[in-house]
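Each remark here refers to the structure printed beneath this line.
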Amino acid sequence: MGNQHSSSINRKRKNICRADFLVISESIRCKKTTEIIDEIYNTVTQWKWYVDELEVMPLLRNEIEKSMYNFYKSNHFEKSGALL
């Protein structure tokens, strides 16, 4: 399994989308799910700014970039539409 952890969202480990989070939020009666998802998405997509601000070593920055790319690619995360 490599670097992948065993948590799941809405009984899924891959191809998780916004709708999966919305299903969970309904079951726990969370009223601010959309705002929370958007805030997290906006923060994570600015990861390069945080890396630069903290002066992370280039080698580590490259590893983070690879991990982010692989995560988004494998989960098909996007902000619009049915996806995150």
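No value in this document is a laboratory result; all are computed from the given coordinates. If you're wondering where the values come from, they're calculated on a predicted model, not measured in any experiment. Note that each Cβ is placed from the backbone with ideal geometry, even for glycine, and that neighbours are counted across all protein chains shown.
Observations on the structure shown:
- Full-stretch length increase - residue 12, residue 69 - with 0.36 nm per residue and alpha-carbon distance subtracted: 18.6 nm
- Peptides 42-48, 14-20 ranked from most to least packed, by the mean per-residue count of other Cβ atoms within 10 Å: 14-20, 42-48.
- Each residue, residue 27 and residue 45, gets one label point 7 Å from its Cα in the Cβ direction; the gap between the two is 2.8 nm.
- Lys, Arg +1 and Asp, Glu -1 on Cβ, resulting dipole of the stretch 18-75 about Cα centre, debye, nearest 20: 240
- Among residues other than residue 48 with Cβ under 15 Å from its Cβ, the summed charge is -3 (Lys and Arg +1, Asp and Glu -1).
- When the alpha carbon gyration tensor of the stretch 1-61 is reduced to an equivalent ellipsoid, the three semi-axes, largest first, read 28, 18, 8 Å.
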